[in-house]
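Q: Right, I'll just put the structure down here and ask away after.
The values are calculated or read from the model by the stated rules, or taken from the named source; none is laboratory data. On a predicted model such as this, the values are computed, not experimentally measured, just so you know. FYI the Cβ positions are ideal-geometry reconstructions off the backbone, even for glycines, and counts take in every protein chain you see.
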4 protein chains.
Amino acid sequence: MPQLDEIVTEIAQEMACYSDRGEVASYIPELARIDPKHFGIAVIDAEGNAHIGGDGDMAFSIQSISKVFTLTLALGKAGDRLWRRVGREPSGSAFNSIVLLENEKGIPRNPFINAGAIAVTDLILSGHQPREALGEILHFMRFLADDPSIAIDEAVAASEQRTGFRNAALANYMKSFGVLDNPVDYTLGVYFHHCAIAMSCRQLAMAGRFLAWQGLNPSTGHRVVQAERARRINSIMLTCGHYDGSGEFAYRVGLPGKSGVGGGILAVAPGKASIAVWAPGLDANGNSHLGRIALEALTRRMGWSIFGA
Amino acid sequence: MPQLDEIVTEIAQEMACYSDRGEVASYIPELARIDPKHFGIAVIDAEGNAHIGGDGDMAFSIQSISKVFTLTLALGKAGDRLWRRVGREPSGSAFNSIVLLENEKGIPRNPFINAGAIAVTDLILSGHQPREALGEILHFMRFLADDPSIAIDEAVAASEQRTGFRNAALANYMKSFGVLDNPVDYTLGVYFHHCAIAMSCRQLAMAGRFLAWQGLNPSTGHRVVQAERARRINSIMLTCGHYDGSGEFAYRVGLPGKSGVGGGILAVAPGKASIAVWAPGLDANGNSHLGRIALEALTRRMGWSIFGA
Amino acid sequence: MPQLDEIVTEIAQEMACYSDRGEVASYIPELARIDPKHFGIAVIDAEGNAHIGGDGDMAFSIQSISKVFTLTLALGKAGDRLWRRVGREPSGSAFNSIVLLENEKGIPRNPFINAGAIAVTDLILSGHQPREALGEILHFMRFLADDPSIAIDEAVAASEQRTGFRNAALANYMKSFGVLDNPVDYTLGVYFHHCAIAMSCRQLAMAGRFLAWQGLNPSTGHRVVQAERARRINSIMLTCGHYDGSGEFAYRVGLPGKSGVGGGILAVAPGKASIAVWAPGLDANGNSHLGRIALEALTRRMGWSIFGA
Amino acid sequence: MPQLDEIVTEIAQEMACYSDRGEVASYIPELARIDPKHFGIAVIDAEGNAHIGGDGDMAFSIQSISKVFTLTLALGKAGDRLWRRVGREPSGSAFNSIVLLENEKGIPRNPFINAGAIAVTDLILSGHQPREALGEILHFMRFLADDPSIAIDEAVAASEQRTGFRNAALANYMKSFGVLDNPVDYTLGVYFHHCAIAMSCRQLAMAGRFLAWQGLNPSTGHRVVQAERARRINSIMLTCGHYDGSGEFAYRVGLPGKSGVGGGILAVAPGKASIAVWAPGLDANGNSHLGRIALEALTRRMGWSIFGA
């Protein structure tokens, strides 16, 4: 599909020219050092071809994008029991807000805000040592991306563990309501580490294929989840995947997507493509500024919006 | 399409059997009298055929579903200037909440919560007498549904005007921030009246066609809005169309939709169908209880979810 | 008591020299025109002597100070039934906040925030025409101050009625919860008018005597309220009399007091003095900036803090 | 003063007869075991005589009453610099609420809610090891009460440390805003331990004397704090000493006071008495139910309200 190749190349070139690139996340010291000039993009199409642009093969910290995969894992383990611990409504507030927890007995609004993802991690951890749980998550990522080289950036994990007081507050708060089963330190340890997984756009887009193709890995035909579950995860990405900018992302891009403060976004065009972009500068809601603009350009040119051709 | 006919008939039969039908809205006296046994459904397919089930030709109070059409009208008048008055993020709170207004300088979070729809109504009103603005809205509904018999239920409008103190609070609150241009009574008058429009499922599904077919009326080929605008309205319906149950509706039904406290829901399957259902009993979030269940059954059987076949 | 005379004169002179005088309330057009250079003070001592300084005989808009007197009147009418409509806890938020009403079923936190005072006014109004209720309030003020010349500034009342959308929001909001009995417009009309009463510091200090002397008018020996009720009103002034600056006023001045956005403050030194000050410039919480500083100077020099000599 | 002796004895007898005694705090396991039948009272009068009733010599966990003394200590160390870390306004919310911290950049509203007391403890800790800071606090309590036997109940401290997730959330949250200087575990350790100090009513009333007598220990004439500081601490006790029941306590009792979830209350009648009561059952706001009733009876009979004789 030469057209897609051209579009991906064009977008990478256009993104290189932007001067307003947003602000690189500063609250995690290791991330603050990343050069805001980077831009990467990878699109896996229905034929399984990868279209790569810019720094699409350079690894970055996936951060909250990992929440899509931990949610998938936890649903596999706990099924709908998971929804006793976490809701699935947009929060109407910032990614690290603690306010709603107080009104809702410590139940986070959805699995993609920090509190919700910590509760999901706690479920994966149950019955395991932190090291085992982390191994399982990493193994799952490598399997999905078909790439055994994917690893955790220990420096990033350590950086978060030293400075992640806000997340420690969220975890302790949920613990006070009995929403977490494991020791707070264990759950946070696993959480900080899976957020510190480093992947390239190519690897991320590969890992996201099952969401675009009804729960299947289209190359191998392996089923990752049932088709209904894939749809449902997509729906949560659409309504909650960009924190308090989720409405804006749906409005402009029109695809389910999940952002991370490392500047990555995974987006899914059902039946058409699995897409990852990376640009480290963030907007006011903590989502990649150029990443969103690039995805908007891509879906407009390809007619991929789920809200009408 | 006989299959769709059968499915619509089946769903109407299934819905007749439910004993748990939710609670009919009680805060508007005129609505409280409606028999919770009603159930109606209408599906307009890509060929323009109407598939009707149950009470699909019985008129009911469309209430907040009117907000989809006033948003469309106001965007036609004001374009993107509209977004200075109202946001497009899910609210994370109830349909009539006033709390977020205080933190956000009187700017409502989206056009589908009450405060946002009042701000949109105020825009339509500007430069007009209330009677004219209302005439314009009614004319638009009749044009979209291709049915000049559509009318306002004056008893419902009067009932709301007598008891709509919460909406009067929202309007005065926004007025105090300068978000409304017109006298509060004028704006509220138009708002209460367009919420009191009575339509059947058939009429509503007809009126919603432009959202399913890229802004066009597929029967006549008339363009109502640009394709991009139709997609964007759909995206707001998906993220904000069911108040604090929007995430749940996306998760279960997988279509853009807008509910009203009269028990109606308009839903859009882009490129495939415009759908309206009606069942007066509501769930805890103020959305039609059986309406949502019926739509979930329909989209599952037809494979219409926008989140993957 | 020559010492008190000297202190009052000194304070008036000191206050004339301040350059940082706060900001005159701008949201009521009529008040915005007042010259911030004014400063008045009046102290009625235990012997009934009045000590007047600066503009202590110039009338100003008492605004929220009227709430002390409407609370007293309403308690006389309804007794402890009043506390079903309004609480008596500090609000932890601004004078015109609507947020807490949502969590507390429309019951205002205390009678001195706007919402609470509107609920109190509604109680006084019940069974009367607005004109009668207003006549009763005015008569009560004239009786307490022993001055039949006290009147309402109709221009101020009209100014508030035209622009008081925030108060209309509060009233409609409470009405939606059934906290108000009367038509919203009636209750607001009485409220705006009693806030628009014009009085001098001398008149206010006279009117406040019953709070300093156990419910008695010390000149005539007439009992206004029981001693316990006077103490209790004082306690509410201490905890709630300065909106979200009540803690600060207690900390610095150490007396029960009630402020108004006209720049007045009524303060009570039980057994020792009834005090009124006036300086139109306000601090960030909407309390008279120099008024508080003057009272702090007075209580420190006289050793009048209720928290220890 | 035989009259006071009789009144204290009467009150202790009356309190023994109450069947509605509130609920013993259950969230700290060690406290949940206390028999709700206990009632103790101690009043130290201006002559230094102690009037003891009921279980007035039985030790209980002073819990948040310790916050009065840590505030005093921290003010001695940091002076008005302390107020950069903590406000002095009533919170309008529960003792362990986290909500306001989010709006106010991690600055607690006052030193008597949990978050504020943790921030104060952090100030005392600075430059010290936890053991030293705790030693200093304990030494101060023994000095004030003139009783070297006062000690920490290690079982209570350990119980809180194991289950104090809510406080850990508050501390981590403030740490994320830079409001705490020391490691969260250190600060919480000292906090849990000073809350676990065990004292009798007699010891508490002795320790509180400096607040009633202008900062002096009336027996020895030693100055603990300046008179102004004693008044100011009293003012904070009045406005903030009973969490979201502070207005109620001021209204009914009319004295500065500080409660603890162990069921104790320290109250101060300036120039007249230092008072401690203890009854383990709590009201909905977490304040001793009978303790408040006993204090109301005492101040009414003695005419000790600060709001008028």
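Q: Starting from residues that are polar (S, T, N, Q) and in contact (Cβ under 8 Å) with a residue 24 or more places away in the chain, keep the ones in the stretch C:89-109 and report whichever is nearest to C:D181 (Cα to Cα).
A: C:N96
Q: To continue, here is another question. Among B:H194, B:H242, which is the only one that is more than 14 Å from chain C (Cβ to nearest Cβ), in contact (Cβ under 8 Å) with a residue 12 or more places away in the chain and touching an Asp or Glu at 6+ places or on another chain (Cβ under 9 Å)?
A: So the residue among B:H194, B:H242 that is more than 14 Å from chain C (Cβ to nearest Cβ), in contact (Cβ under 8 Å) with a residue 12 or more places away in the chain and touching an Asp or Glu at 6+ places or on another chain (Cβ under 9 Å) is B:H242.
Q: Spot the failing condition for D:V68; the list is (1) over 20 Å from the mean Cα position of the chain (by Cα); (2) surrounded by 23 or more Cβ atoms within 10 Å (Cβ to Cβ), and only one is missed.
A: Here D:V68 meets the rest and fails (1).
Q: Return the total of residues in the stretch B:299-309 being within 11 Å of chain A (Cβ to nearest Cβ), surrounded by fewer than 22 Cβ atoms within 10 Å (Cβ to Cβ), at negative phi and not hydrophobic (A, V, I, L, M, F, W, C).
A: The number of residues fulfilling the criteria is 1.
Q: Is at least one residue of the stretch B:44-53 under 21 Å from the mean Cα position of the chain (by Cα), crowded, with 17+ Cβ neighbours inside 10 Å, farther than 30 Å from A:G247 by Cα and free of Cβ contacts under 8 Å to residues at least 60 places away in the same chain?
A: Scanning the stretch B:44-53, I find at least one residue that is under 21 Å from the mean Cα position of the chain (by Cα), crowded, with 17+ Cβ neighbours inside 10 Å, farther than 30 Å from A:G247 by Cα and free of Cβ contacts under 8 Å to residues at least 60 places away in the same chain, so the answer is yes.
Q: Does any residue of the stretch B:216-227 turn out to be within 20 Å of C:K175 (Cα to Cα) and either modelled with pLDDT of 95 or more or among the aromatic types (F, W, Y) (or both)?
A: no
Q: Which of the residues belonging to the stretch D:11-37 are part of a loop (DSSP other than H, G, I, E, B) and either modelled with pLDDT under 90 or of a type in the set (A, V, I, L, M) (or both)?
A: D:A25, D:S26, D:Y27, D:I28, D:I34
Q: Would you mind finding the one in D:F140, D:F177 that is at pLDDT below 95 and touching a helix residue (DSSP H, G or I) at 6+ places or on another chain (Cβ under 9 Å)?
A: D:F177
Q: Taking into account only those residues within the stretch D:110-122 that are in contact (Cβ under 8 Å) with a residue 60 or more places away in the chain and within 13 Å of chain C (Cβ to nearest Cβ), which is surrounded by the fewest Cβ atoms within 10 Å (Cβ to Cβ)?
A: Among residues in the stretch D:110-122 that are in contact (Cβ under 8 Å) with a residue 60 or more places away in the chain and within 13 Å of chain C (Cβ to nearest Cβ), the one surrounded by the fewest Cβ atoms within 10 Å (Cβ to Cβ) is D:N110.
Q: Follow-up. In the stretch D:268-298, how many residues are more than 14 Å from D:G56 (Cβ to Cβ), free of Cβ contacts under 8 Å to residues at least 60 places away in the same chain and crowded, with 22+ Cβ neighbours inside 10 Å?
A: Going through the stretch D:268-298 one residue at a time, the tally reaches 4.
Q: Sticking with this structure for a sec: Which number in (1) of a type in the set (F, W, Y); (2) within 14 Å of chain C (Cβ to nearest Cβ); (3) out of contact with any strand residue (DSSP E or B) (no Cβ under 8 Å at 6 or more places or on another chain) marks the one condition that D:F249 misses?
A: (3)
Q: Can you pull out every residue in the stretch A:57-94 that is away from chain B (no Cβ under 14 Å) and farther than 25 Å from A:G215 by Cβ?
A: A:D57, A:M58, A:A59, A:F60, A:S61
Q: Given the structure, is B:G254 touching a Phe, Trp or Tyr at 6+ places or on another chain (Cβ under 6 Å) and either modelled with pLDDT of 95 or more or not charged (D, E, K, R) (or both)?
A: yes
Q: Sticking with this one: Tell me yes or no: at least one residue of the stretch B:55-66 is at pLDDT below 90, more than 20 Å from B:L282 (Cα to Cα), in a loop (DSSP other than H, G, I, E, B) and not basic (K, R).
A: Checked against the condition, which is being at pLDDT below 90, more than 20 Å from B:L282 (Cα to Cα), in a loop (DSSP other than H, G, I, E, B) and not basic (K, R), the stretch B:55-66 yields no hits at all.
Q: What is the number of the single condition among (1) within 9 Å of chain A (Cβ to nearest Cβ); (2) free of Cβ contacts under 8 Å to residues at least 12 places away in the same chain that B:G221 does not meet?
A: (1)
Q: May I ask you to say which residue of A:E132, A:E104, A:E89, A:E154 is at negative phi and out of contact with any helix residue (DSSP H, G or I) (no Cβ under 9 Å at 6 or more places or on another chain)?
A: Among A:E132, A:E104, A:E89, A:E154, only A:E104 is at negative phi and out of contact with any helix residue (DSSP H, G or I) (no Cβ under 9 Å at 6 or more places or on another chain).
Q: Residues of the stretch D:99-109 being surrounded by fewer than 24 Cβ atoms within 10 Å (Cβ to Cβ) and either charged (D, E, K, R) or under 18 Å from D:V184 (Cβ atoms) (or both), which ones?
A: Listed by number, the residues that qualify are D:E102, D:E104, D:K105, D:G106, D:I107.
Q: Of the residues in the stretch A:123-146, how many are of a type in the set (G, A, S), out of contact with any strand residue (DSSP E or B) (no Cβ under 9 Å at 6 or more places or on another chain) and surrounded by fewer than 24 Cβ atoms within 10 Å (Cβ to Cβ)?
A: Of the residues in that region, 3 qualify.
Q: If a residue has to be away from every other protein chain (no Cβ under 14 Å) and at pLDDT below 95 to count, how many in the stretch D:262-285 make the cut?
A: Residues that pass the stated criteria total 0.
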